[in-house]
Amino acid sequence: MTETPKIEAADFARQPFDYVIVGGGTAGLAVAARLTENPSIVVGVIEAGLDRSDDLLVRTPLLHSQLYEKPEYEWLFKTVPQEKDGKVHACTRGRLLGGSSSINFSMLAKLSKQCLDSWAALGNPGWDRDGLLPYYRKSMKLNRPSPDTERLLDTTRMQEWIGEGDGPIQASWPRAEDTHIA
């Protein structure tokens, strides 16, 4: 996907696009990247938030907790009062380029085989782990960890599950010597 300059809404509306992706979160950007693998396809991405990729709070996982409850970074969604205790809870969702993945401590959460298989058991054939695995591999590239990190974090299961992949979403491991993470 080639980088496109940010433009005003009126200028964007005048552009001829084959596809318009609403939401510049991880999923939206991955879809845009996959579509533009065909050079004849023109894709526009609309994102409500700003590109904050140079913001130190966004770039530093240890600082992500400072992004919450700030409308420039997240939508400030709340639940309805809960039946059991009447409490209202935050439902943090990112409002910036990269979406919620930009404010989630830079974590990749892998669903268990049991969890994915339960989707298929609800009547969704093909939504089990084995059916979804090719799409996970197409959507992300898991960069190999250093030998020290591999030993320290036992990365074998994740590497076997995703393999290296060839998708636009880059995932990597913290360095073993990074004492703030490991």
Next item on the list: Output the relative contact order of the chain, whole-number percent, from Cα pairs under 8 angstrom with separation of 6+ residues.
Entry: 16 percent
Next item on the list: Rank by packing, highest mean first: peptides 37-44, 66-73, with packing defined as the count of other Cβ atoms within 10 Å averaged across residues.
Entry: 66-73, 37-44
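Note the full-extension length gain between N38 and N124 as 0.36 nm times their separation in residues minus their Cα-Cα distance, in nm to one decimal. Spell out each step's value before the answer.
Values: separation 86, 0.36 × 86 = 30.96 nm, distance 2.99 nm.
Stretched fully, the N38-N124 segment lengthens by 28.0 nm.
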Notebook entry, point to check: Which of the following values of volume of the Cα convex hull per residue in Å³ was calculated from the structure shown: (1) 115; (2) 127; (3) 185?
Noted result: (3)
Next item on the list: Between A171 and L63, with labels modelled 7 Å along Cα→Cβ, what's the label distance in nm to one decimal, could you check?
Entry: 2.6 nm
Next item on the list: Scan around V45 for amide H atoms under 5 Å from its own, H built in the peptide plane at 1.01 Å from N, and keep only partners 5 or more places away or cross-chain.
Entry: I21
Next item on the list: Can you grab the distance from the C-alpha centre of the stretch 89-111 to the C-alpha centre of the stretch 32-59, Å, no decimals?
Entry: 16 Å
Next item on the list: May I ask you to evaluate 6.51 cos²θ - 1.76 cosθ + 1.60, the Karplus curve with θ = phi - 60°, for each residue of the stretch 75-83 and list the ³J(HN,Hα) values in order in whole Hz, giving x for glycine and proline?
Entry: 7, 6, 5, 10, 6, 6, x, 6, 4
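What FRET efficiency, computed as 1/(1 + (r/R0)^6) with R0 = 25 Å and r the Cβ-Cβ distance, is obtained for E164 and A27, rounded to the nearest 0.05?
According to the calculation, E is roughly 0.75.
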Notebook entry, point to check: Under 5 Å between amide H atoms, partner at least 5 residues away or on a different chain: which partners does L96 have, H built in plane at 1.01 Å?
Noted result: G49
Margin query: As an exercise, use a Förster radius of 25 Å and the Cβ-Cβ distance of R157 and H89 to find the FRET efficiency, rounded to the nearest 0.05.
Written below: 0.20
Check: Taking only C-alpha pairs under 8 Å that are 6+ residues apart, what is the relative contact order of the stretch 110-182 in percent?
Finding: 30 percent
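Taken together, the values in this text are just the output of simple stated rules run on the coordinates, not laboratory data. The model shown is predicted, which means the values in this text are computed figures rather than measured ones. Virtual Cβ from ideal backbone geometry, glycine too; neighbours counted across all protein chains shown.
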